[in-house]
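The values are calculated or read from the model by the stated rules, or taken from the named source; none is laboratory data. Please read all numbers here as calculations on a predicted model, not as lab measurements. Counting neighbours? That spans all protein chains shown, and the Cβs are built from the backbone with ideal geometry, glycine included.
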């Protein structure tokens, strides 16, 4: 089962595609990040660019789990691509992973 987690601590169990899409499209200075988590493991998350030292109009996308070999991240400038990644993860479709230029996540 999937769980959507919002920056304000709100959680939505088994979110619909519309709920996930709306959450991703609200990324902004007020809503800085959103996470879609598989309760059995793995996640996809996105953050509004300026909140992670990226330029306005960009986002960071991170993911980890069985669909990738390690915790990775990508810079994204198209919110529609972010939505597609989240919806692919929601549906269990791994195809979205190959759409991005990933780099290993480092602290």
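Points to keep in mind about this one:
- Where residue 22 falls short, out of the listed (1) part of a helix (DSSP H, G or I); (2) without any contact (Cβ under 8 Å) to a residue 40 or more places away in the chain; (3) under 18 Å from residue 77 (Cα atoms); (4) touching a strand residue (DSSP E or B) at 6+ places or on another chain (Cβ under 9 Å): (4)
- Tally, over region 29-54, of residues that are over 22 Å from residue 72 (Cα atoms) and touching a strand residue (DSSP E or B) at 6+ places or on another chain (Cβ under 6 Å): 0
- Of the residues 42, 88, the single one that is over 24 Å from residue 106 (Cβ atoms) and either within 12 Å of the chain's Cα centre (by Cα) or surrounded by fewer than 12 Cβ atoms within 10 Å (Cβ to Cβ) (or both) is 88.
- Residue satisfying all of: in region 10-19; free of Cβ contacts under 8 Å to residues at least 40 places away in the same chain and not in a helix (DSSP H, G or I); nearest to residue 78 (Cα to Cα) among these: 16
- Tally of residues being in contact with a helix residue (DSSP H, G or I) (Cβ under 9 Å, 6 or more places away or on another chain) and either in contact (Cβ under 8 Å) with a residue 40 or more places away in the chain or assigned to a loop (DSSP other than H, G, I, E, B) (or both) across region 44-65: 7
- Selection within region 48-70: residues that are within 25 Å of residue 1 (Cβ to Cβ) and surrounded by 14 or more Cβ atoms within 10 Å (Cβ to Cβ). The member of this set that is modelled with the lowest pLDDT is 67.
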